Amino acid sequence: QVQLVESGGGLVQAGGSLRLSCAASPRIFSINYMGWFRQAPGKQRELVATINSGGSTNYADSVKGRFTISRGIAENTVYLQMDGLKPEDTAVYYCNVGNTVGDYWGQGTQVTVSS
């Protein structure tokens with residue numbers, strides 16, 4: 001049973017930074033993409049950022065220039081560096097990994113940005 005374990009969430013003031021991490025265990029093979037989604041209370045889950053096997057990245061317009069997605073050397077890890085956080089970034093952030101078999105989700109980590 002593959003598990004995605006997220007960490008790095010927390011409470012931060014507006015303008016601050018957080019770094020989210022996600023590690024897969026056991027290892028996932030033939031990864032097509034890794035990404036982060038978020039869901040705020042009363043809203044649908046939305047894409048934040050993805051990175052594919054070739055290293056190409058994609059960002060939601062709302063986070064461009066503030067968030068950076070990257071993959072770890074182990075390749076089964078993905079990070080989300082979040083700078084210039086805003087109260088509207090408050091949400092539960094989910095890690096998502098897709099391969100040739102299907103896709104996997106983490107349990108989520110809470111990010112709260114105070115004004």
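The values are calculated or read from the model by the stated rules, or taken from the named source; none is laboratory data. It should be emphasised that the depicted structure is a prediction, and the values quoted were computed from it without experimental measurement. Note: ideal-geometry Cβ built from the backbone for every residue, glycine included; neighbour counts use all protein chains shown. Just the protein is used for accessible areas: all its heavy atoms, side chains included, with ligands, DNA and RNA removed. Shrake-Rupley method; radii C 1.70, N 1.55, O 1.52, S 1.80 Å.
Accessible surface for the range 1-77, divided over its residues, is 58 Å² per residue with a 1.4 Å probe. The 3J(HN,Hα) values that the Karplus relation (6.51, -1.76, 1.60; θ = phi - 60°) gives for the range 41-50 are, in residue order, x, x, 10, 6, 5, 10, 5, 9, 6, 9 Hz. Gly and Pro appear as x. Evaluate E = 1/(1 + (r/R0)^6) for Thr112 and Phe29, where r is the Cβ-Cβ distance and R0 equals 30 Å; express this FRET efficiency to the nearest 0.05. Taking R0 as 30 Å, the efficiency between Thr112 and Phe29 is 0.30. Backbone phi angles across the range 105-115, fed through the Karplus curve with coefficients 6.51, -1.76 and 1.60 (θ = phi - 60°), yield HN-Hα couplings of 10, x, 7, x, 9, 7, 10, 10, 10, 8, 8 Hz in residue order; Gly and Pro are listed as x. Take every DSSP beta bridge whose two residues both sit in the chain; close to 90 percent of them are antiparallel. Once backbone amide H atoms are built at 1.01 Å from N, Asn32 has Gly98, Asn99, Thr100 as its partners under 5 Å, excluding neighbours fewer than 5 places away on the same chain. Spatial offset of the range 4-20 relative to the range 40-115 amounts to 11 Å, using the alpha carbon center of each.
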